[in-house]
Amino acid sequence: STDYGTTYEKLNEKVGTKSILSYLYVSPNNKRKIMLLTDPEVESSLLISLDEGASYQKHSLGFDILSLLFHPEQEDWILAYSHDQKLYVSVEFGRRWQLVHGNVVPNRFYW
């Protein structure tokens, strides 16, 4: 929706008819960058748009994201906390991820 929920546009053709989405994130530094997180019980992937949702590219993940944290100034930098308590970083707005540390307790990630 671009009019605060008055009307909606179907995105099935843009994200795939069999995708089950669980979260939508918009970059706090660039509203044109959108990330859709799929349901990890079905598939573990991200759908990334760099053009405010006009198109999406699917990127498979090797881990299940529990939470994301965006850098306050660098629009492509993201921390991801996984279900198995690992911390990952991406400096390419989710297109590639690198493991930073294992065994990160949740309160330290959110702190």
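The values are calculated or read from the model by the stated rules, or taken from the named source; none is laboratory data. Please read these numbers as outputs of a predicted model, since none were measured by experiment. Cβ: placed from backbone, ideal geometry, glycine included. Neighbour counts: every protein chain shown. Surface accessibility is based on the protein's heavy atoms, side chains included, excluding ligands, DNA and RNA. Shrake-Rupley method; radii C 1.70, N 1.55, O 1.52, S 1.80 Å.
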Total residues in the range 85-111, condition modelled with pLDDT of 80 or more, outside any strand (DSSP E or B) and hydroxyl-bearing (Ser, Thr, Tyr) = 0
request  = Scan the range 55-71 for residues that are surrounded by fewer than 17 Cβ atoms within 10 Å (Cβ to Cβ) and more than 18 Å from VAL100 (Cβ to Cβ) and jot them down.
outcome  = SER55, GLN57, LYS58, SER60
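Can you work out which of the residues in the range 57-74 that are hydrophobic (A, V, I, L, M, F, W, C) and assigned to a loop (DSSP other than H, G, I, E, B) is nearest to VAL91 (Cα to Cα)?
Just the residues of the range 57-74 that are hydrophobic (A, V, I, L, M, F, W, C), to begin with: 61, 63, 65-66, 68-70.
Now restrict to residues that are assigned to a loop (DSSP other than H, G, I, E, B): 61, 63.
On the way: LEU61: 15, PHE63: 17 Å.
It comes out as LEU61.
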Scope the range 31-54; condition open to solvent by 60 Å² or more (accessible area, probe 1.4 Å) and farther than 16 Å from THR2 by Cβ; matching residues = GLU41, VAL42, LEU50
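Closer than 22 Å to TRP97 by Cβ, modelled with pLDDT under 90, open to solvent by 80 Å² or more (accessible area, probe 1.4 Å) and of a type in the set (Ser, Thr, Tyr): does that describe TYR8? Break it down stepwise before answering.
Details: closer than 22 Å to TRP97 by Cβ: no; modelled with pLDDT under 90: yes; open to solvent by 80 Å² or more (accessible area, probe 1.4 Å): yes; of a type in the set (Ser, Thr, Tyr): yes.
Against the criterion (closer than 22 Å to TRP97 by Cβ, modelled with pLDDT under 90, open to solvent by 80 Å² or more (accessible area, probe 1.4 Å) and of a type in the set (Ser, Thr, Tyr)), TYR8 does not qualify.
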remark   = Restricting attention to the range 79-105, the residues that are open to solvent by less than 20 Å² (accessible area, probe 1.4 Å) and in contact (Cβ under 8 Å) with a residue 24 or more places away in the chain number exactly 3
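Here's the yes/no breakdown for (1) at pLDDT below 90; (2) within 24 Å of VAL105 (Cα to Cα); (3) basic (Lys, Arg):
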{"residue": "ILE20", "(1), (2), (3)": "yes, no, no"}
{"residue": "PRO28", "(1), (2), (3)": "no, no, no"}
{"residue": "ILE34", "(1), (2), (3)": "no, no, no"}
{"residue": "LEU61", "(1), (2), (3)": "no, yes, no"}
{"residue": "LEU79", "(1), (2), (3)": "no, yes, no"}
{"residue": "HIS83", "(1), (2), (3)": "yes, yes, no"}
